[in-house]
Amino acid sequence: MRIRLLEVAARAEALTRTRWLRAALVLLVTLYAVLHVSRGMGDFKTYQRAAKRAVAGEPIYRLEDPHRYLYAPVVTFLFFPLAVLPTWAGKALWLALNAVLLVSIFRITARLLFRDGRAPPGLQALVLLLSFRFIDNNLGHGQLNIVLLWLVLYAYEETSRSRHALAGLALAAAIAAKIVPAVFFMEIILRRRWQFLAWTIAAFVALMVIPAAWWGAAYPQVFRDWLAVVADQAGHYDMANKINQSISAFVYRLFRPYPEGSPAIVLSEEAVTAVTVLIHAAFIGSLVSISVRNARAGKVNWVSGDELSLYLLYSTVAAPYSWKYYFVNLIFPLGATVARLWAGRRDFEIGLWAVFLLNLLAGLELLGRRLSTLFQFWSFHFLAATVLFVLIARERSRPEIPTEC
C-alpha cells in the first residue's frame with residue numbers, strides 16, 4: 001500500500017511538469033481564484049476596513065466592531081494597498097500573495113528537511129493532499145496564517161544560514177501579527193541562539209515604534225486601543241464553539257456540559273483547568289526535552305526538522321482559541337512525517353492515515369451534517385495534530401536523522 005501510494009504521488013508530480021497539464025493547472029487555479037474572489041472572504045474585509053480607516057485618519061480598533069481587527073498597528077501597513085484598490089482587485093492581490101508564499105513554504109520545507117534541498121518525488125504532492133483543506137480554508141476566508149507560517153519558516157531558514165538580523169525581523173513580524181509565535185522564544189533560549197534572540201527582540205521593539213511615523217502624536221492612543229481590543233477579545237473565548245480546536249476547547253468539551261453536548265463525565269471548572277494545564281505540560285515537556293538534547297549537540301544554528309515541527313504543532317493548539325484554519329501550520333510537520341514513508345516506517349504510515357481521516361471527517365458533510373458537527377465537537381482536528389506530535393516526539397531520542405539538514 002505504501003509503495004503504491006508513493007508511486008502514484010511521484011507520477012502525479014511528474015505529470016505537473018508536462019506542458020499540457022501545466023496549462024490545465026493554470027486554468028484550474030485561475031478558476032479557483034475567481035471563485036474565491038467572487039465570495040465573501042470575511043477576514044479580508046476586516047483587513048480592508050482597517051486599512052481604509054487608517055488612511056482616512058479614523059480609529060482602526062473599535063470594541064463595537066462585530067469582527068474586530070486584532071493585529072498590531074505595524075501589521076496594518078501590509079494592508080494599505082487594499083485601501084485604495086477596488087475590492088475585487090484587493091482580493092486578487094491578497095490571493096496572489098498567499099499563492100506565492102505557499103510555493104515558497106513548500107520550497108523552504110524541502111530545504112530545511114533535506115540536506116540537498118530536494119524532496120523525494122511525490123512528497124510535496126502528498127503534503128498538499130494532506131493539508132489542502134486548511135490551505136483552502138485560509139484562502140477562502142482571506143486569512144493571515146499562510147503569511148505567519150512563511151515568516152516562521154523563513155526566520156528559521158535564515159538563522160540556519162547565520163543571517164540572524166533577517167531571521168529576527170521575520171519572527172518579530174510574526175509575533176506582531178499574532179502573539180502565539182512567541183512560543184518559539186522557548187526553543188531559541190533552550191538552544192542558546194542568543195544572536196537570533198537579540199535580533200528578534202530588537203526588531204519587535206522597532207516594529208512597535210515605527211508606526212509612530214504614520215500616526216504621530218496619536219500613536220500612543222492607537223497602541224492603547226490595540227491592547228484594549230486584544231484584552232477584551234481574550235475574555236470572550238468560546239470553548240463550546242465547534243471550530244475551536246485548541247487544547248482548552250478539547251478538555252472543556254470533554255468534561256463540561258455545553259449547549260450542543262453532554263459529556264459522560266462532568267468535572268468541575270477547577271478540575272478542567274488542571275487537566276488543561278497537565279496537557280500543556282505534556283506538550284511543553286517534550287519540547288524542552290528535544291531542545292535541550294539538541295542544544296547539547298553544540299550546533300547553535302542547526303535547525304532540526306523534528307524540533308521545529310513540534311513547536312509549530314504546539315503553537316497551533318496552545319492558545320485558548322484555535323480556529324481550524326490555523327492548522328495550515330501542519331504543512332511543515334506533515335513534510336517531516338511523510339518523509340519517513342521512504343524509509344519504510346510502518347508506524348508513520350498508520351499515523352498519517354489517522355491524521356488524514358481525522359482531518360477529513362471533521363466538517364465533511366458526506367456523512368451528514370450531524371456527524372460532521374459532532375466530529376468537530378470531538379476535536380478531530382486537534383486530535384490529528386496530537387497524533388502528528390506524538391509520532392514526531394517519539395523520535396526525539398534521535399536528535400538528527402538522515403532527512404534533516
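Within the stretch 333-343, the set of residues being more than 26 Å from LEU278 (Cα to Cα) and crowded, with 23+ Cβ neighbours inside 10 Å comprises GLY335, ALA336, VAL338, ALA339.
Please indicate, with yes or no, whether at least one residue in the stretch 299-316 is of a type in the set (Gly, Ala, Ser), assigned to a helix (DSSP H, G or I) and out of contact with any helix residue (DSSP H, G or I) (no Cβ under 7 Å at 6 or more places or on another chain). Don't jump to the end; show me each part of the working.
Of the residues in the stretch 299-316, the ones of a type in the set (Gly, Ala, Ser) are 304-305, 309, 315.
Retained after the next criterion (residues that are assigned to a helix (DSSP H, G or I)): 305, 309, 315.
From what is left, the residues that are out of contact with any helix residue (DSSP H, G or I) (no Cβ under 7 Å at 6 or more places or on another chain) are none.
Checked against the condition, which is being of a type in the set (Gly, Ala, Ser), assigned to a helix (DSSP H, G or I) and out of contact with any helix residue (DSSP H, G or I) (no Cβ under 7 Å at 6 or more places or on another chain), the stretch 299-316 yields no hits at all.
Within the stretch 289-302, residues that are of a type in the set (Phe, Trp, Tyr) have Cβ atoms under 8 Å from residues that are crowded, with 16+ Cβ neighbours inside 10 Å in these pairs: TRP302/SER160; TRP302/ASN294; TRP302/CYS405, counting only partners at least 6 apart in sequence or on another chain. Here the condition is being charged (D, E, K, R) and within 30 Å of ALA99 (Cα to Cα); of LYS299, LYS242, it holds for LYS242 alone. Of the residues that sit in the stretch 235-273 and are surrounded by fewer than 13 Cβ atoms within 10 Å (Cβ to Cβ) and assigned to a helix (DSSP H, G or I), which one is modelled with the lowest pLDDT? Step by step, filter the stretch 235-273, then rank; the result is GLU269.
Residues that are at pLDDT 80 or above and within 27 Å of TYR326 (Cβ to Cβ) were ranked within the stretch 1-30; the one that is nearest to the chain's Cα centre (by Cα) is VAL29. Of the residues making up the stretch 13-24, none is within 17 Å of PHE79 (Cβ to Cβ) and of a type in the set (A, V, I, L, M, F, W, C).
Pick from ARG118, ARG133: which is surrounded by 18 or more Cβ atoms within 10 Å (Cβ to Cβ) and among the basic types (Lys, Arg)?
ARG133
As for the stretch 153-161, it holds at least one residue that is under 20 Å from TYR311 (Cβ atoms) and exposed (fewer than 14 other Cβ atoms within 10 Å of the Cβ). The number of residues in the stretch 146-178 being in contact (Cβ under 8 Å) with a residue 40 or more places away in the chain, outside any helix (DSSP H, G or I) and not small (Gly, Ala, Ser) comes to 2.
For the stretch 347-405, enumerate the residues that are among the hydroxyl-bearing types (Ser, Thr, Tyr) and modelled with pLDDT under 90. Of everything in the stretch 347-405, those that are among the hydroxyl-bearing types (Ser, Thr, Tyr) and modelled with pLDDT under 90 turn out to be SER372, THR373, SER397, THR403.
Scanning the stretch 291-327 for residues that are aliphatic (A, V, I, L, M), surrounded by 24 or more Cβ atoms within 10 Å (Cβ to Cβ) and farther than 21 Å from ALA167 by Cα yields a count of 1.
Of all residues in the stretch 200-229, those that are more than 15 Å from ALA176 (Cα to Cα) have Cβ atoms under 8 Å from Cβ atoms of residues that are among the small types (Gly, Ala, Ser), 6 or more apart or on another chain, in TRP214/ALA54; TYR219/ALA212.
Have a look at ARG49, ARG53, ARG17, ARG22 and point out the one that is in a helix (DSSP H, G or I) and exposed (fewer than 13 other Cβ atoms within 10 Å of the Cβ). Outline the logic, then answer.
Values: ARG49 fails: exposed (fewer than 13 other Cβ atoms within 10 Å of the Cβ); ARG53 fails: exposed (fewer than 13 other Cβ atoms within 10 Å of the Cβ); ARG17 fails: in a helix (DSSP H, G or I).
After ruling out the rest, the residue left standing is ARG22.
Screening the stretch 136-152 for residues that are at pLDDT below 95 and not polar (S, T, N, Q) and picking the one that is nearest to LEU361 (Cα to Cα) gives ASP136. The set of residues in the stretch 361-384 being farther than 18 Å from TYR321 by Cβ and in a loop (DSSP other than H, G, I, E, B) consists of LEU364, GLY368.
The values are calculated or read from the model by the stated rules, or taken from the named source; none is laboratory data. What you see is a predicted model; the values in this text were computed from it and never measured. Positions of Cβ are backbone-derived with ideal geometry, glycine not excepted, and every protein chain shown enters the neighbour counts.
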